[in-house]
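The values are calculated or read from the model by the stated rules, or taken from the named source; none is laboratory data. Since this is a predicted model, take the numbers as computed values, not measurements. Quick reminder, even Gly has a Cβ in these numbers, built from the backbone with ideal geometry, and neighbours come from all protein chains shown. Keep in mind that these areas ignore ligands, DNA and RNA; they rest on the heavy atoms of the full protein, side chains included. Shrake-Rupley method; radii C 1.70, N 1.55, O 1.52, S 1.80 Å.
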Amino acid sequence: MQHPNKLKRLPPSFFEQPTLELAKALLGSILIKETNDGTAAGIITETEAYIGPGDQAAHSYQNRRTKRTEVMFGLAGFTYMYTMHTHYLFNVVTGQADNPEAILIRSVEPYFNKELMQQRRPKARNDYQLTNGPGKLTKALGIDMNDYGHPLHQKPLWIAKGELDAFTIASGSRIGIDNSGEAKDYPWRFWIKGNRYVSR
DNA sequence: ATTGGGATTACA
DNA sequence: GTAATCCCAATG
């Protein structure tokens, strides 16, 4: 393990690959957030792709463009945040300008400063409960609505190249979208096979 | 397996 | 105002 500041940041060009490719490429990468309380980081272990106009499960379905979905129509590599009840969910915007696509980060494996994460999530009884869900990891890492629209190649919120050895990628249908017609069966959820820190 | 919580945004 | 939402944690 290294201090997050020493890890190699992923450049804007990294985010320009096709959304489904990027969803897989992000697995194993390291998500880092620096706050006044300290810096915390996690290895991305689970992602879900949401692909624009034709994806009934996406907020940008049929090019629905509102104040909330606005960043999705911009360039890749920016942060799309939205709230779900009391939780903040973190997404990476992908696709060209005017292609409203994004990747939801569903879980991470604690990498740096687990103590701070535990402090932010006092109810977690073990280290996988710290970050094995989309609302959990944002809380553990200290990501909130202030990060909406933030470019992911610079502080205080960025993604770095991972250091995992080769691993197998598993895929399946996405979660929490039962009301999304046939889109609910698209195998657009990806995770690191065998990793303990995935949701469900 | 089911349900209460109580944020935020969109649309009438 | 009211309905809807890419969830979480505590219950039976």
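Among the trypsin sites (Lys or Arg not before Pro) in the range A:46-151, those placed in a DSSP loop whose Cβ has at most 10 other Cβ atoms within 10 Å are A:Lys67, A:Lys123, A:Arg125. Lysine pairs, Cα distance under 26 Å, 8 or more residues apart or cross-chain: how many in the range A:131-200? Total qualifying Lys-Lys pairs in the range A:131-200 comes to 9.
For the range A:153-200, the list of chymotrypsin sites (Phe, Trp or Tyr not before Pro) that fall in a loop by DSSP and count at most 16 other C-beta atoms within 10 angstrom reads A:Phe167.
Modelled this way, with points 7 Å down the Cα-to-C-beta line, the labels at A:Arg196 and A:Ile169 are 2.5 nm from one another. Could you tell me which of rounded, prolate or oblate describes the range A:29-69, using a ≥ b ≥ c as the square roots of the eigenvalues of the alpha-carbon gyration tensor, with rounded for a/c under 1.5 and, failing that, prolate when a/b is larger than b/c and oblate otherwise? It is oblate, given that a/c is not under 1.5 and a/b is not larger than b/c.
The relative contact order of chain A comes to 27 percent, based on Cα pairs under 8 Å that sit 6 or more residues apart.
Let me make sure I get this right: for chain A, a, b and c are the square roots of the gyration tensor eigenvalues over alpha carbons, sorted descending. Under 1.5 in a/c it's rounded, otherwise prolate if a/b > b/c, else oblate. Which is it? Rounded, since a/c falls under 1.5. The range A:98-112 and the range A:32-71 have their alpha-carbon centroids 6 Å apart. Site pair A:Thr66 and A:Lys161 shows an inter-label distance of 4.0 nm when each label is modelled 7 Å from Cα along Cα→Cβ. Between A:Thr86 and A:Asp178, full extension at 0.36 nm per residue minus the direct alpha carbon distance yields a gain of 31.0 nm.
If the chain linking A:Thr35 and A:Ala97 were pulled fully straight, counting 0.36 nm for each residue of separation and taking away their Cα-Cα distance, it would gain 19.3 nm.
Kindly provide the helix-only [θ] at 222 nm of chain A, computed as the sum of -39,500 (n - 2.57) over DSSP H runs of four or more divided by all residues, to the nearest 500 deg cm²/dmol? After summing the helix terms and dividing by the residues of chain A, the value is -3500 deg cm²/dmol. The share of accessible area on chain A that comes from carbon and sulfur is 47 percent, using a 1.4 angstrom probe. Taking all protein chains into account, the per residue accessible area for the range A:4-192 stands at 46 Å² (1.4 Å probe).
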